[in-house]
DNA sequence: CATATTCATCGTAAAATTACGATGAATAAT
DNA sequence: ATTATTCATCGTAATTTTACGATGAATATG
């Protein structure tokens, strides 16, 4: 029995990509950082630390995760660093997530 | 110095809500489950296990997390359970996440 | 040059997440 | 009634995440 077994051994690229973006957004501190970057309408740096209930090193780690996910970029500007939304990458991210959202929103569910 | 200290001791409700939704989506298995629920256009149950590279108990745990986040619902149907997208809750979730996305997309960043 | 500021990184500890097998409860089938 | 199927939960181990202080590199300021 069980001839047509189709247990996948991996996930699709898309699934992994979306999960990674979601992971980058899965902590309130990182959402707060993104909001700060927009609200201040300027590339703040250590100011982020002042606005969050976290130490400098912890904030730095969150910034690394946002950078790794490609959601923000940080340019060195003298002694300080200028962080801001990476518009181009952000759009790519949102396009991928939006695709999933749209599918789930528009597909008519007819059960339960 | 530092008179106007405004280090927040907490995050906003919105930040926490968005982070929670993102956390629910932060694992490829859970993205795959959502896609399966849509693709099959029917409330599958243990079939999910056959399609994923995970054990039954692990899949069950992922389903719990999706349920806790309010993204899916599961109705008991005899011996099996019928899972499907919770349309109403899903729309609420997407509205909240979409709000953040829109803000970050439309706000003109003028730095870096 | 000496000192201060800004930020990243290292080491470490605590907590959360992920995954599995084993077990059990509930319903269905024989 | 017995047996099989479906799913949740428990216990546990391995890994990842979160957070902090300490330290260090780089630039700016005195």
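The values are calculated or read from the model by the stated rules, or taken from the named source; none is laboratory data. Note that the coordinates shown come from a computational prediction; the quantities given were computed from them, not determined experimentally. So basically every Cβ, Gly included, is an ideal-geometry build from the backbone, and we count neighbours across all protein chains shown.
Brief remarks follow.
- Answer residue from region A:64-84, given it is surrounded by 15 or more Cβ atoms within 10 Å (Cβ to Cβ) and over 11 Å from the mean Cα position of the chain (by Cα) and is farthest from the other protein chains (Cβ to nearest Cβ) among those: A:81
- Lone unmet requirement of (1) closer than 23 Å to residue A:24 by Cβ; (2) surrounded by fewer than 20 Cβ atoms within 10 Å (Cβ to Cβ); (3) within 12 Å of DNA strand C (Cβ to nearest atom); (4) more than 8 Å from chain A (Cβ to nearest Cβ) for residue B:23: (4)
- Condition check for residue A:95: exposed (fewer than 13 other Cβ atoms within 10 Å of the Cβ), under 19 Å from the mean Cα position of the chain (by Cα) and more than 9 Å from DNA strand C (Cβ to nearest atom): yes
- Among residues of region B:31-60 being within 7 Å of chain A (Cβ to nearest Cβ) and farther than 19 Å from residue B:75 by Cα, the one that is surrounded by the most Cβ atoms within 10 Å (Cβ to Cβ) is B:32.
- Unmet criterion (only one of (1) closer than 19 Å to residue A:106 by Cα; (2) modelled with pLDDT of 90 or more; (3) surrounded by fewer than 18 Cβ atoms within 10 Å (Cβ to Cβ)) for residue B:87: (2)
- Of all the listed residues (A:61, A:41, A:96, A:102), the sole one being part of a helix (DSSP H, G or I) and at pLDDT below 90 is A:102.
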